[in-house]
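The values are calculated or read from the model by the stated rules, or taken from the named source; none is laboratory data. Predicted model, so just to flag it, every value in this text is computed and none were measured. Cβ atoms come from the backbone with ideal geometry, glycine included; neighbour counts cover every protein chain shown. For accessibility, only protein heavy atoms count, side chains too; no ligands or nucleic acids. Shrake-Rupley method; radii C 1.70, N 1.55, O 1.52, S 1.80 Å.
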Amino acid sequence: MYQALKPSRSSTLVLRRLNYHVRHWGPEESALPPLVLLHGWMDVSASYQFTVDALQQERRIIAPDWRGFGLSGCAQADHYFFADYLADLDLLLDHHAPGQAVDLVGHSMGGNVAMMYAGVRPERVRRLVNLEGFGLPATQPAQAPARYAQWIAEIKQLHQGDKTLKRYASAADVARRLMKTNPRLAQDKAQWLAQHWARPNAQGQWEILGDPAHKVASAQLFRVDEALALYAQITAPVLAIEADSDSLGQWWNGRYRLDEYHQRLTHVRDCRTAVVQDAGHMLHHDQPAQVAQCIERFLNEARAARP
């Protein structure tokens, strides 16, 4: 099994009536801005361990488990509202980095949260790294009736027990599932991740550390004009990192393409892009050294550019 070079510490913060689990690496105090890592959908904060191990600089690192994921508490509701992640992040920073602008890294859903948050609270973000936080395909208002109907139907499915998360007989089975989903994931890393991605229940079955309510589709459409308005308010330099495998094109089958995503990024006043070679969507698992190098080079260049 993979051996972490920089083991994390855990703390729990009562945040908006939920117990929020937060993972910490590095010293409690540092001359560098705090580095905040935001994980993606159906993932956990421990997902960044390989990238943290590859970072060269010693610095304070903070990574929450989002509500309903990992070791954080679940919302007392049957669905999740995306804006809650923004409020959670704001209160988390108030506690762990009061009065400081942070360096923010987000993967996938976490990248989308980071981009939105940087538009809402530009003064709280010094530098931003977006790891494949592409957003979603454009929608039209005419799709709203069907979307609300879908949301209601999926709420019913959840309460009928039709949206449960699969259970596994052992941690080894969880690891095999992770490798099936991501063929580039090495076995030693899969075995390590399985211990953080799932936990055994009273019957000895391994359960994914995620609330099934996350599987309920949002009732609200993704509005590109709103996303672009948020992008336009970002004042921090942004580095958008993507894998060379074009996972975006694979997901949406022509409905949303990389060139459309790149066009959206032109609304960010200071944005550059980078590509990680031989990687898929979980690029921080596939090529943690490349990802760590991109992050540190960007943060160091940006810091050197300011007095």
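Worth pointing out:
- Scalar couplings 3J(HN,Hα) for the range 287-293, obtained by applying the Karplus form with A = 6.51, B = -1.76, C = 1.60 to θ = phi - 60°, are 9, x, 5, 4, 5, 4, 5 Hz; x denotes Gly and Pro.
- Positive contributions from Lys and Arg (+1) and negative ones from Asp and Glu (-1), summed over other residues with Cβ under 10 Å from the Cβ of L258, come out at -3.
- Normalised by 2.2 N^0.38 Å, where N is the number of residues, the alpha-carbon radius of gyration of the range 52-172 equals 1.30.
- For the range 139-230, the solvent-accessible area of protein heavy atoms averages 59 Å² per residue (probe radius 1.4 Å; ligands and nucleic acids excluded).
- Local electrostatic count at Q205 - Lys and Arg +1, Asp and Glu -1, tallied over other residues with Cβ under 12 Å: +1
- Packing, taken as the mean count of other beta carbons within 10 Å per residue, orders the peptides 246-259, 130-143, 46-59 from highest to lowest as 46-59, 130-143, 246-259.
- Projected onto planes of every orientation and averaged, the convex hull of the alpha-carbon atoms in the chain covers 15.8 nm².
- The range 1-105 pair-distance distribution - Cα-Cα, 10 Å bins, rounded %: 14, 49, 30, 7, 0
- The range 225-236 - phi-based ³J(HN,Hα) in whole Hz, Karplus 6.51/-1.76/1.60, Gly and Pro as x: 4, 5, 4, 5, 5, 5, 4, 5, 8, 6, 9, 6
- Hits among lysines - C-alpha to C-alpha of K215 under 27 Å, sequence gap 8 or more where chains match: K156, K163, K166, K180, K189
- Considering helices alone, the calculated mean residue ellipticity of the chain at 222 nm is -11000 deg cm²/dmol, with DSSP H runs of length four and up weighted by -39500 (n - 2.57) and normalised per residue.
- Solvent exposure, largest accessible area first (probe 1.4 Å, DNA, RNA and ligands not counted), of F222, F82: F82, F222
- For the range 100-254, the Kirkwood estimate of hydrodynamic radius, built from reciprocal distances between every pair of different alpha carbons, is 18.4 Å.
- Radius of gyration, Dmax [the range 131-221; alpha carbons; angstrom]: 17.0, 48
- In terms of overall dimensions, the range 179-307 has a Cα radius of gyration and Dmax of 18.4, 58 angstrom.
- Positive minus negative residues near Q277 (Lys, Arg vs Asp, Glu; Cβ under 13 Å): -4
- Taking only protein heavy atoms and a 1.4 Å probe, the accessible area of the chain is 51% carbon and sulfur.
- Note, ³J(HN,Hα) from phi for the range 47-52, Karplus 6.51, -1.76, 1.60, rounded to Hz, x at Gly and Pro: 4, 8, 4, 5, 5, 4
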